[in-house]
1. Rounded to the nearest 0.05, what FRET efficiency do B:ASP52 and A:ASN314 have when you use their Cβ-Cβ distance and R0 = 30 Å?
2. Of A:ALA212, A:PRO464, A:MET80, which is farthest towards the positive pole of the protein assembly as shown's charge dipole, taken about the Cα centre with +1 and -1 on the beta-carbons of Lys, Arg and Asp, Glu respectively?
3. Compute the longest continuous run of chain A that contains no exposed GluC sites (Glu not before Pro); treat a site as exposed when its DSSP state is not H, G, I, E or B and it has at most 14 other Cβ atoms within 10 Å.
4. Among A:THR148, B:THR187, which comes first, then next, by fewest other beta-carbon atoms within 10 Å?
5. Between the range A:399-453 and the range B:164-195, what is the C-alpha centre distance in whole Å?
6. Return the distance in nm (one decimal) between the two label points of a simple spin-label model at A:ASP78 and B:GLN64, each offset 7 Å from Cα along Cα→Cβ.
7. What full-extension length gain, to one decimal in nm, is calculated for B:GLN150 and B:ASP165 as 0.36 nm per residue of separation minus the Cα-Cα distance?
8. Projecting each Cα onto the charge dipole of the range A:226-289 (Lys/Arg +1, Asp/Glu -1 at the beta carbon, about the Cα centre), which of A:PHE242, A:ALA273, A:ILE226 comes out farthest on the positive side?
Amino acid sequence: MSQNPKTLFQKIWDSHVVAEERGAPTVLYIDLHLVHEVTSPQAFSVLKERGLKVRRPGRTVATMDHSIPTKGGYEAADEMGRIQLRLLESNANANGVRLYGLNSVQRGIVHVIGPEQGFTQPGMTIVCGDSHTSTHGAFGSLGFGIGTSEVGHVLATQCLLQRKPKTCEIRVDGTLRPGVTAKDIILAVLAKIGVGGGTGHVFEYTGAAIRALDMEGRMTVCNMSIEGGARAGMVAPDDKTFNFVHGREFAPQGAAWDQAVARWRTLPTDAGATFDQTVTLDASSLEPMVTFGTNPGQGVAITQPLPQPSSLTNANERAGLEKSLAYMKFEAGKPILGQPVDVVFLGSCTNSRLVDLRAAAGLLKGRKVAKSVRMLVVPGSQSVKLAAEAEGLDKIFKEAGAEWREAGCSMCIAMNGDQLSPGQLAVSTSNRNFEGRQGKGGRTVLASPLTAVASAVAGRIADPRPLMT
Amino acid sequence: MSAPKFTSLTARCVVLPVQDVDTDQIIPARFLKVTDKLGLGDKLFCDWRYLDDGSLNPKFILNQPEAQGAEILVAGHNFGCGSSREHAPWALVGFGFQAVISTMFADIFKGNAVKNGLIPVTIEPAAHAELVALRAKNPDLQITIDLQTQTVSWLGQTPVTFPIDPFSRTCLLEGVDELGYLQKFQTQAEAYEAAHV
Ligand code: SF4
């Protein structure tokens, strides 16, 4: 046991302190700043007003993902979306910032391309004006979302004022059963702790079930840490992490690689280090999970009946559950299995990587999307799209009757024209089921790619496991 | 550069008795295509505030006569969860709110609020329940928020202390510009880079 055992979080925090003044938050150095079109315009304006430039353009990477049409071209975007995309282009150009623009074959969702291009590395501090920056913690980095004022701070100074959060270990023991995935782990964690349960904390996911996940699965889990209110989610780096990063365009090469790996091996939490809180979960007992309400903590095992508001003693929680069920048009105590589905969305920074598309295509192969269902498949990046096409996955989706799109956030946030109509029910592999998130009046059920495909085929919310035997 | 300032406020409030209000409700994503901060007040709580034909929903609390002129929002637990969009406090401030009282705020929202002069006031559930009950009886209830003493009070009751980190408090009381503050550390940042990069 080391003398002064530290957690993974503590090690990264300590090694990024630039300065600390009494009564003020820590000045933290930021290794990587990811930028997208929606939360950056007002930050670049502040720089312009003050005659400042981006301080470290080499540590800043921009992409277009939220407002971008997934049918290709600017034409499909509305006027305001076009202005936003063009503004990002001019801001990036004026500051010498690398931009994966409209026609880039590497463009994609900010949290997909960071790891894909090798920008995301263990031990880094990573920020973005986007709450799902927690995704990058899968590599043993500290990634968290910031507001637009802070985007301006990092652009101008490469530093951020931060108060140190508390830590929470989320230990997931056991082995997942077939048909149960990383998405089901995180939905089960959220159902257990609730949407505010992690407020003020950084999660570190540990345990056999987390170690057994591939990097994509770890990204899915860390991605939704913010849905529990946590600032960030992290997984200690291991050989899987290093193998994933190795050889990517912006990863260290040659001797620098060996040095980096040696450094990264010192990052995992020391034996004897303590967390402020611990939550445990047994992966062996999990089933596919779905949400039934209007926040991501309102989830149940797919075979279970919907909860009864009368079972809750807290009046506010009871009112919240009643309101959610009323919005979703679901009845307490009834099964969620078999509810008719209008749209299936396979995409978003939670589940749009090549392994997600492979898993979905594997289940969809030789089957058809139900006539009553519109299914959209939106790869997380153009690189994912090309790789999927090289494997023929696009054909499987198209032959089954699904739409095959260009990369972007698309119907996860419904800013680009891909959206639900009022009342429509979607089974979505994204991360938020808030009222109207996927289109005004739309109803969202969050699920894994496997559950999404099973539901697309059945035209109703369906368990993927019977299709897997 | 001008930074938002706040010392104290005495104003009427409006109660939104809903927990886990997410930033997608505060300002729906379709309004995030703006490239400045202005004009979002009209879109605050848009999908609750307006009916499908664009007219005001008379049932929504912000549209009720007694809500007019209220500058304090009394919200449910875990207010501002979800996305990091600073458009949420921009919309609340644009509408005319200067403070939100709740039993808990989401982390990113709280940070964003302070930077825009919107004071997040966290109080205990019992005090919150008492405030909501009093307001139900008295729509003209005046609330005083004093940042100097870090207290909130109503109807001459004993003031309740609320937590706010000392740095945010100083910034608000003195109008300190955070970016200006950070820029003072550029020599240290360069030294850090020389040692680490
Ligand atoms: S895919 Fe959805 S959650 Fe992810 S960055 Fe885009 S809008 Fe945000």
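1. Details: r = 33 Å, r/R0 = 1.09.
Efficiency, from the Cβ-Cβ distance: 0.35.
2. The listed residue farthest towards the positive side: A:PRO464.
3. On the way: sites that count: A:GLU20, A:GLU21, A:GLU75, A:GLU249, A:GLU331, A:GLU391.
By the stated rule (loop sites, at most 14 other Cβ atoms within 10 Å), A:76-248.
4. Result, fewest neighbours first: B:THR187, A:THR148.
5. 41 Å
6. Modelled inter-label distance: 3.2 nm.
7. Working: separation 15, 0.36 × 15 = 5.40 nm, distance 1.02 nm.
Contour length minus Cα-Cα distance gives 4.4 nm.
8. A:PHE242
Taken together, the values in this text are just the output of simple stated rules run on the coordinates, not laboratory data. None of the values given here were measured: they were computed from a predicted structure. No Cβ is skipped: glycine too gets one built from the backbone with ideal geometry, and neighbour counts run over all protein chains shown.
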